[in-house]
């Protein structure tokens, strides 16, 4: 996916920008960058962070960059921020989101004056450069941002920096968050609400869907009012969000406790595990919630080895990610041997990693392994946030099993599989359970997940679970 951070300060912002961006490292794996503006004009640094953290790659640049305005990002894909010279003036821009109609938009800009774009090593056009080009088709930056919000199929949240201040814009449906912090003499804009707390900022306000603001060291001016309708990604709470993050007033860690509690209520004593465990890291809070509700002890039967093994979704090849996922989890056999375990993971996507985790629990002496994913079955690939590297919905374990059972399916059939009260849903779970070699399997129900989050369901994006946009 990716994360963005910006600062407008009366004094130097470079160090705050550096740490604010670094606090988004859990959201991206490939590129990290910063751009500042000060007396020496625009300065920028971008680095590959696939094998080294953002902090180690950018710390030397911090010593050389100087400015009171700055934006930066952690990106899963394109290098950014970009520096742009245009009829709207010079600006820097960074984005987070996903463009589904890239070919259509490229055709539009080619037919309306653009002659070329830089091509990335992947053979694709940099999405942020395309967004900048679209903005520049209009007579003002605000009109350009609104044009992008309307024309992009997917989602697009951005920060744009001129010599005078920062434009911050949340995507049209508010699928990703954007929040403002403040302190004396400075304001910041952040994807993650916790990223500025240790920098001395306090919460100011969260932008609404499609809202555009202009941020200077002296204040925040609304340039485009927020829409009433929104569809923030529900998976942010389940998996992607950092535990200290808060979206729409709902803290990630607290939501996960609620989630685990509701999973325990659904089990209602039907199983009697010896311990409850969460797959590190995102499954831990869900497991604590389950333990607190059920009274079954929480324990850590495997420990994540963090000193050298990075995030399991870092490599582009699935086989490499599976290897890293296996290598970084070390079993504690004393807590596994002859035990009945209930295991909570954030989700089951392909099923490969959790299957291997289950197997090494059995190999370490576990008697039973009951699995409770913290979200409903994933039936659709995300169209909005790039939260998975899956190139096809057939990468999803659910869709592979459905295809084996049904062949080509209609939307009506998929809707039936998404219904937790249907026969097809029960049969899907049983097929996954057998394939994965779990003792029992129950997913978090969609209605329970929505209640765990606690904001009106009409404001949540649940596309990956039920195909509803």
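Derivation of every value follows stated rules applied to the coordinates shown; laboratory data play no part. Source: prediction; values computed, not measured. When we count neighbours, we look across all protein chains shown, and the Cβ atoms used for this are built from the backbone with ideal geometry, even at glycine.
Some observations on this one:
- Part-to-part distance (alpha-carbon centres) for segment 43-68 and segment 147-211, which is given in Å: 21
- For segment 2-230, the fraction of alpha-carbon pairs lying more than 28 Å apart is 22 percent, rounded to a whole number.
- Prolate/oblate/rounded label for segment 183-257 (Cα gyration tensor, a/c 1.5): oblate
- In Å, descending, principal axis extents of the Cα set of segment 252-466: 48, 39, 31
- Under the Debye formula (equal points on every Cα, no solvent term), log10 I(q)/I(0) of the chain at q = 0.06, 0.08, 0.13 Å⁻¹: -0.27, -0.49, -1.20
- Beta bridges by DSSP in the chain, antiparallel share as percent, to the nearest 5: 85
- Only helices enter the 222 nm calculation for the chain: every DSSP H run of n ≥ 4 contributes -39,500 (n - 2.57), and dividing by all residues gives -9000 deg cm²/dmol, rounded to 500.
- Share antiparallel - DSSP beta bridges, segment 252-466, percent rounded to 5: 20
- Peptides 169-175, 405-411, 344-350, 245-251 ranked from most to least packed, by the mean per-residue count of other Cβ atoms within 10 Å: 169-175, 344-350, 245-251, 405-411.
- Inter-part distance where segment 391-469 and segment 254-298 are each reduced to a Cα centre, Å: 21
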